[in-house]
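Below is one structure; the comments refer to it alone.
The values are calculated or read from the model by the stated rules, or taken from the named source; none is laboratory data. The structure presented is a predicted model; accordingly, all values stated were derived computationally and were not measured. Note that we place each Cβ from the backbone using ideal geometry, even for glycine, and neighbour counts take in every protein chain shown.
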Amino acid sequence: MEAVIAVLVGVLMASSVYLMLRRNLVRFVLGLALISHTANLLIFSSGGLQGRFPPLISPGELEPVPGAANALPQALMLTAIVISFSVFAFLLVLAFRTYQRLETVDPDAMRSAEPVPAEAGTNGSVAGGPQ
Amino acid sequence: MSWLLAGAIVLPLACGVLGLSLRPQRAMQQWVSLVAGIGHLGIATALLVTVWTDGILVVQVGGWPAPFGITLVADHFSSAMVLITAIMGVATIVYALCDIDQRSLVKDFHPPLQALIGAVCGAFLTGDIFNLYVWFEVMLIASLALLISGGRKAQLDGAVRYAALSLVATTLLLSGIGLLYGMTGTLNMADLHLRVQQVENQGLLSVVAILFIVAFGIKAAVFPLFFWLPASYHTPKVAVSAIFAGLLTKVGVYSMIRVFTLIFTHDVGYTHGILLWTAGLTMVTGVLGAASHNELRRILSFHIISQIGYMVLGLALFTPLALVGAVFYILHHIIVKANLFFVAGAAERLSGSSDLKTLGGVYREQPLLAALFFVPAFSLAGLPPLSGFWAKLLVIKASLASQQYWIAAVALAVGLLTMYSMTKIWVNGFWKARPASTAKPAALSRLNRALLLGPIICLAAITLAIGLWPGPLYDLAERAGHELMAPSNYVEAVLGPSETAALGAGAEVVE
């Protein structure tokens, strides 16, 4: 079971990296959503995947039955899912607003913050100080 | 005293929530934020004093004993960072009273700012590695809200880059935490210190360590993971840029130092060797990037990257003196760097430009501002007797003591190039006559001028005080550095003496 999940994590990670490397903001956002699911799956498998007993403590006992499943990774995942959900919602709005204002989804064409090419030729003269 | 620890996190977060409910009344929002900021400064001061007199302070949240519950820990390093955060918070709030006034298009500033301060303090004070991840996410959302508020094109463009790389970083951090939990079965950092020694597959541990280096490296903006920083830091309002420049990357460095002194010390030659190369390349690329730009805030953004190199260098050398240097460097740098952004913003408001080609005449028209620029700028370059000189001296002395002569040479050369960059700003922006094409902006009212220059004067005074009397800060950094190098005190404070002895004995048997 662990081997299957390990391969699945690998395939998902590769797909999300592929998506994130595309020159398209929408695909990038989808890639980020996928990569956060991959991380969740990884945490899930870190708790062990054998068909174990539920982590319940029988009456009169102080510890769960030996070999019980570890419930903590699922609690961690739950937190991570909630966080990635809200971040994903934010990202969708950000991508949409960016598309509206900059009228492109190609990150290479977004040069509002770093308008480098136009200035590149003139840097040298100013860097030398006032002549 | 446990309320001090919780208060440092809860007060700013509560104020952020209150600020959101006061959204229509922007004047009220400002005053609530200012009062909370001053209160936070009080709590942070009391926290540092308590830690200084009584030693490491620990709170088990909800009464669950470590390692099962979430632990909050304040040692000398983290409480000093909380105090610096609180100082930066007050300075930013005061500066923003003029920079982001009630007519500004930036409608939401104070609530996310308070959330950011709360999250940063949370990251400094937590003793639980998953909790650290959660604080990173809170910090990310708060900083994104600050970054895009106003909605200019450049801001959205910068925010896309910032969000993209930061989210990859937090995902890698989450994966690293998952793998680490799978190997050790614990999330408490003190407990992790003991348990990683019992992990059989030390090679796998190094892989996880690399995941942490990449994740914190993106957050700290080290080479080659820094591209989000110069793309985004110059786009929002100056008050926002300044608090980002002061705090955010330093949280990454802080976490890196915490994790690589407390948890991943199994193969120092490998992990810290990578960090050493990273530190050298970060210093050089940052300062060269700065030399190629002409816009004030973009120059300063690249200098953040180059200075991060010095801090990582302190960690990479991994000697007591080097860690003392790293702690000293971080504390001095936060104040200096945020102050430089404040000065850049004030120069833009008072002289009408932030580009070296169109800026000019600041020295003649605003002599006070020019003098105030001099203090942080040449402290950054490491000129005695300013604070940066002592910070650089400690780090370079540590690298000489470790016989890493090449990195000491790099650090010195980068200091010289920083000086070149600051001189370029001085000559082009402050000294030369105002270009005829640049119109002089309308004069600010006396109150607004005081609100802009007040925080700059206070931070410059702190820089000067550290430079002239480095003793107290050095003592603090020394205590923090020695605590970091000998984590047994930290572990004992969190887990209690008996637990530590039992597990320590277990570790010896396994070895």
Quiz item: With B:379, B:387 as the choices, which residue is touching a Pro at 6+ places or on another chain (Cβ under 9 Å) and either of a type in the set (Asp, Glu) or crowded, with 24+ Cβ neighbours inside 10 Å (or both)?
Solution: B:387
Quiz item: Just checking, how many residues over the range A:52-104 are assigned to a helix (DSSP H, G or I) and either free of Cβ contacts under 8 Å to residues at least 24 places away in the same chain or not hydroxyl-bearing (Ser, Thr, Tyr) (or both)?
Solution: 28
Practice problem: Taking the options A:53, A:44, name whichever one is more than 13 Å from the chain's Cα centre (by Cα), at the interface with chain B (Cβ under 9 Å from one of its Cβ atoms) and among the aromatic types (Phe, Trp, Tyr). | Solution: A:44
Self-check item: Odd one out for residue B:50 among (1) of a type in the set (Val, Ile, Thr); (2) in contact (Cβ under 8 Å) with a residue 60 or more places away in the chain; (3) closer than 25 Å to residue B:480 by Cα
Solution: (2)
Quiz item: Pick from B:315, B:300: which is of a type outside the set (D, E, K, R) and closer than 18 Å to residue B:409 by Cα?
Solution: B:315
Quiz prompt | Flag if residue A:28 is at the interface with chain B (Cβ under 9 Å from one of its Cβ atoms), touching a residue at least 40 places away in the same chain (Cβ under 8 Å) and of a type in the set (Phe, Trp, Tyr) | solution = yes
Quiz item: For the range B:403-497, list the helices (runs of 4 or more DSSP H) that sit wholly inside it and hold at least 3 residues that are of a type in the set (Gly, Ala, Ser); which are they?
Solution: B:405-425, B:446-468, B:471-485
Practice problem: Taking residue A:12 as the residue in question, decide whether it is closer than 23 Å to residue A:78 by Cα, touching a His at 6+ places or on another chain (Cβ under 9 Å) and aliphatic (A, V, I, L, M). | Solution: yes
Quiz item: Can you tell me which residues in the range A:74-85 are over 18 Å from residue A:48 (Cα atoms) and either more than 7 Å from every other protein chain (Cβ to nearest Cβ) or not small (Gly, Ala, Ser) (or both)?
Solution: A:79, A:81, A:82, A:83, A:84, A:85
Practice problem: Tell me, please, whether a residue that is surrounded by fewer than 17 Cβ atoms within 10 Å (Cβ to Cβ), on the phi > 0 side of the Ramachandran plot and either more than 13 Å from the chain's Cα centre (by Cα) or not hydroxyl-bearing (Ser, Thr, Tyr) (or both) can be found in the range A:6-17. | Solution: no
Exercise. Can you work out which of the residues in the range B:227-251 that are surrounded by 24 or more Cβ atoms within 10 Å (Cβ to Cβ) and of a type in the set (Gly, Ala, Ser) is nearest to the other protein chains (Cβ to nearest Cβ)?
Key: B:232
Quiz item: Any residue at all in the range A:31-38 that is over 18 Å from residue A:77 (Cβ atoms), modelled with pLDDT of 90 or more, assigned to a helix (DSSP H, G or I) and of a type outside the set (Lys, Arg)?
Solution: yes
Quiz prompt | helices (runs of 4 or more DSSP H) enclosed by the range B:110-226 - at least 1 residues per element that are within 13 Å of chain A (Cβ to nearest Cβ) and surrounded by fewer than 21 Cβ atoms within 10 Å (Cβ to Cβ) | solution = B:129-148, B:153-184, B:202-220
Quiz item: For residue B:91, are the conditions met, namely being modelled with pLDDT of 90 or more, closer than 25 Å to residue B:326 by Cα, buried (at least 23 other Cβ atoms within 10 Å of the Cβ) and among the aliphatic types (A, V, I, L, M)?
Solution: yes
Exercise. With the checklist (1) touching a strand residue (DSSP E or B) at 6+ places or on another chain (Cβ under 9 Å); (2) part of a helix (DSSP H, G or I) in hand, flag the one item residue B:280 doesn't pass.
Key: (1)
